[in-house]
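Have a look at the structure below before the remarks.
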Amino acid sequence: MFLSNGTITPAPGGSLADLSPMFANASYYGGSHLQLENTFASYGALYKAQLWVGVVVRKRAMATARMPFDVLKQGKGILKSAEDGALTALMQDPNPEMSGFDLWRWTSSTRDIFGESFWRKVRGPNNEVRELWPMHPANVIVRRNKDGQLEYVYAPGGQTAEAMKPLPAEDVVVFTAYNPDTVARGLSNLEALRMTLLNEDASRRATASFWRKGARPSMILTHPNSLSEPAQKRLKTQAEASMGGAENTGSVSLFEEGIVPHIMQLNMEEMQYVESRRLNREEVCAAYDISPLVVHILDHATFSNVTEQLRSQYRDTMAPWFTELEAAVNRQLVPDFYPRTGDTRVVTRFNMDDVLRGDYETRSTAATTMRQGGITTGNEARVIMGLEPIKDPNMDVVFANSALQLLGAPKPQLALPAAPAADPVPPGEQDTPAPVKQGIIPNPPKPNGRTSRRAAAAARTAGNDKEQ
C-alpha cells in the first residue's frame, strides 16, 4: 500500500510488476494480501487472526510432518527395500537449524497459506547437495532469463549482493498450487475465501464494537417533553455509565421522572450471526478439502461416521496432497542423488501404513480372514498385527480352509490308497477261527477294511481264550 497526503491508499495488485508478464525475460510476483472491508491484510496476518484458517492449516501441516518419508527403490513398478543413503539422511536433518519434521511442517503451512513454497539447495565442493533451506515466498522473485529458463531471486533480510544473485532452477525445489494465470507462481487457497474472510472479519469486529458500546444499539430513552442539549448529554452520559459495557450487564438503572426506556431486541437478520460464523468455518474446511469432523466440528457427527471420516482424511484428502509433494521431490531432488538407470530408479513416498491400518480389533479380524482364506501366510498375518515373524516352516506356508465346494456339485469323496495284498499262507498254517462266545456276534468289517472298536476288542478276547 502507498501513503498519499497522509492517507494510506491500497495498492492494486499490478502496480509494481506484472502478475502475468507478457515477455520472456519478465519477473513474476506472487500474491500476498487480501482486501477486507476497509483494509488490506497479508496472508500471514490472516493466518494469525482468522481462527479456522489457522486450525485447518495446522491440521494439514501436522498430518504431513508426522508421516515417515521413505526413499525406496522401484523396479518395473514394484517398490522394493528402502534406501538408507545420503538423501534419507538429508531429509531427516536438512540443515543445522531445522529437523525433517520442522521442514515439512513449514513447507505444508507455507504452501497452504501462500500457494507456494521453495527449498534452496546448498551444494558442497563436489556439487553434492548438502543442505536444504526454506525460502519464504514473499522474498522470492521468479523470472525468466534471456533463454526463457526460470530462475529465482531470493532477497533475505540482509539483502547482500551475494544473496541477491539469481538461483538456477536446478538449485531450487518448488512446490506450487495450480494457478490459472501462470505456472511460475502458485495460487493461495485464501483467494477463494475472499468474501468468507471479509464477512468473518466484519462480524468479529461488529461483535467487539457491540460489547464495547453496550446499551447504545439496544436501548432508546424517550421523554415527553423537549430536553435541552446539556440535559440530553447528561442523560446520555448517565445511561452509558450505568448500562454500557459488558461489566454492567444485569445492573440496576434509575431514570429521572418522565424518562421511558425502550428495549430494542435483535431482529431475525441480526440473530443470524452464529449461523453465519458456522457457514464461514465450513467454507474454510471446504477450501482446504477437510471434513469438519477432522477439526472437531461435531454438528453432524454420529457414532458411526466419526471413525470413517478420520480415516477418509488420509485416504481422500492427504493422499493426493502427499502425491503432489512426492512428485516435486522425485523430479527436482532425487536426480541429484540417484540418476535413473534402466528400469530401476529411486522414488520417495510418505508411508501411511500406520494411519490406514485400522484399530487392533479390525486388523485382527482381517488377518484371521486372510490367513484362513489362503491369502497370506502365518508370518504375513503377524506382520499385519505388528508382530515379529516366527521361525517355523509352517508359518511360511499358505493354508486354506477346505470346507468350500463348487455350488451345485456333489461333495468330493476322499479316496484312500488301497491296502497292500497279503502274502499267501501255506496250507496247514492257516489260523483256526476263534470260537464265538454265546450271545456275542462280532461286528462285520467296514467297507473300507477297518473294524470298529467293539470288533477289535472281541478279537483280542478270542485270542486270549485260545492261548489259554
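The values are calculated or read from the model by the stated rules, or taken from the named source; none is laboratory data. Keep in mind that this is a model prediction, so the values were computed, not measured. Cβ sites come from the backbone with ideal geometry, for glycine too, and all protein chains shown count toward neighbours.
Here are some residues: ARG311, ARG349, ARG331. Which one is free of Cβ contacts under 8 Å to residues at least 12 places away in the same chain and under 28 Å from the mean Cα position of the chain (by Cα)?
Values: ARG311 fails: free of Cβ contacts under 8 Å to residues at least 12 places away in the same chain; ARG349 fails: free of Cβ contacts under 8 Å to residues at least 12 places away in the same chain.
Being free of Cβ contacts under 8 Å to residues at least 12 places away in the same chain and under 28 Å from the mean Cα position of the chain (by Cα) holds for just one of ARG311, ARG349, ARG331, which is ARG331.
Every residue, every condition in (1) at pLDDT below 75; (2) not small (Gly, Ala, Ser), yes or no:
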{"site": "SER364", "(1), (2)": "no, no"}
{"site": "THR377", "(1), (2)": "no, yes"}
{"site": "PRO393", "(1), (2)": "no, yes"}
{"site": "ASP396", "(1), (2)": "no, yes"}
{"site": "LYS411", "(1), (2)": "yes, yes"}
{"site": "PRO417", "(1), (2)": "yes, yes"}
{"site": "VAL425", "(1), (2)": "yes, yes"}
{"site": "THR432", "(1), (2)": "yes, yes"}
With respect to ARG194, determine if the residue is at pLDDT 80 or above, surrounded by fewer than 13 Cβ atoms within 10 Å (Cβ to Cβ) and under 35 Å from the mean Cα position of the chain (by Cα).
-> yes
When you look at ALA177, is it modelled with pLDDT under 90 and touching a helix residue (DSSP H, G or I) at 6+ places or on another chain (Cβ under 8 Å), yes or no?
-> no
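Take the conditions touching an Asp or Glu at 6+ places or on another chain (Cβ under 7 Å) and either modelled with pLDDT under 75 or not in a helix (DSSP H, G or I) (or both) and apply them to PHE210. Does it pass?
no
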Can you find even one residue in the range 60-77 that is at pLDDT below 75, more than 30 Å from VAL294 (Cα to Cα) and touching a strand residue (DSSP E or B) at 6+ places or on another chain (Cβ under 8 Å)?
-> yes
Test set (1) under 26 Å from the mean Cα position of the chain (by Cα); (2) over 26 Å from LEU46 (Cα atoms) - GLU116 fails condition number | (2)
Would you point out the residue of the range 252-276, among those that are part of a loop (DSSP other than H, G, I, E, B) and surrounded by 10 or more Cβ atoms within 10 Å (Cβ to Cβ), that is modelled with the lowest pLDDT?
-> LEU266
Among the residues of the range 149-164, how many are modelled with pLDDT of 80 or more and either on the phi > 0 side of the Ramachandran plot or surrounded by fewer than 15 Cβ atoms within 10 Å (Cβ to Cβ) (or both)?
-> 1
Find all pairs meeting these conditions: Cβ atoms under 6 angstrom apart; at least six residues apart or on different chains; first residue within the range 384-407 and within 14 Å of THR368 (Cβ to Cβ); second residue assigned to a loop (DSSP other than H, G, I, E, B) and of a type outside the set (Lys, Arg).
-> ALA400/GLY374
Return the only residue of GLU200, GLU170 being modelled with pLDDT under 85, among the acidic types (Asp, Glu) and part of a helix (DSSP H, G or I).
-> GLU200
Looking at GLY13, is it crowded, with 19+ Cβ neighbours inside 10 Å, at pLDDT below 85 and not basic (Lys, Arg)?
-> no
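Would you say LEU46 is modelled with pLDDT of 85 or more, surrounded by 14 or more Cβ atoms within 10 Å (Cβ to Cβ) and either in contact with a Pro (Cβ under 7 Å, 6 or more places away or on another chain) or over 21 Å from SER108 (Cα atoms) (or both)? It would help to see each step written out before you state the result.
Numbers: modelled with pLDDT of 85 or more: yes; surrounded by 14 or more Cβ atoms within 10 Å (Cβ to Cβ): yes; either in contact with a Pro (Cβ under 7 Å, 6 or more places away or on another chain) or over 21 Å from SER108 (Cα atoms) (or both): no.
No: the conditions fail for LEU46.
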What number goes with the only condition from (1) among the acidic types (Asp, Glu); (2) at pLDDT below 80; (3) surrounded by fewer than 11 Cβ atoms within 10 Å (Cβ to Cβ) that GLU240 does not pass?
-> (3)
